[in-house]
Amino acid sequence: MHASGQHMGMAYRGFLVAALLSLSCPVLSQDSEIPYKTATSGTAEAIPSILLAFGIVCLVGGVVIWWLQRKLLAKGALPVVRGSHIKVLDRISLSTRTTAHVLSVDGSRLLICESPDQLVIHDLAAVSPRGSSADD
């Protein structure tokens, strides 16, 4: 019984193979073409859509960054920088180790003297200009 059961199993397998080959399945039929050899490359057709998607992502990201920056500036979370508020008007070397700087900070003038061991800041608005006296 064992030999006839084995023979029957092989006959059944042969029948399944013949039935599958007789079907018109594109995967098993011998006249079907291989899809990757006949179709054109999808990469060339995908490039415009990829670039469009990348552009949209960049545009949305830029708009979000601009919107967040405006919101944070309005709330005071970010400092408002609209240009240089500090301008160096003059720089004088008093010795090899000491330098004096005249700065304009938001319209007021400051004298800053620096040396390796000291930094002195004077507001020039509090000092009278040279050549004029308070008695005049």
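Suppose we filter Val64, Val102, Val60, Val88 for residues that are surrounded by 10 or more Cβ atoms within 10 Å (Cβ to Cβ), at pLDDT 90 or above and in a strand (DSSP E or B); which single one remains?
Val102
Looking at this structure, is Arg97 modelled with pLDDT of 85 or more and not in a strand (DSSP E or B)?
Against the criterion (modelled with pLDDT of 85 or more and not in a strand (DSSP E or B)), Arg97 qualifies.
The values are calculated or read from the model by the stated rules, or taken from the named source; none is laboratory data. Bear in mind that the values here come from a model prediction, so they are computed numbers and not experimental data. Note that we place each Cβ from the backbone using ideal geometry, even for glycine, and neighbour counts take in every protein chain shown.
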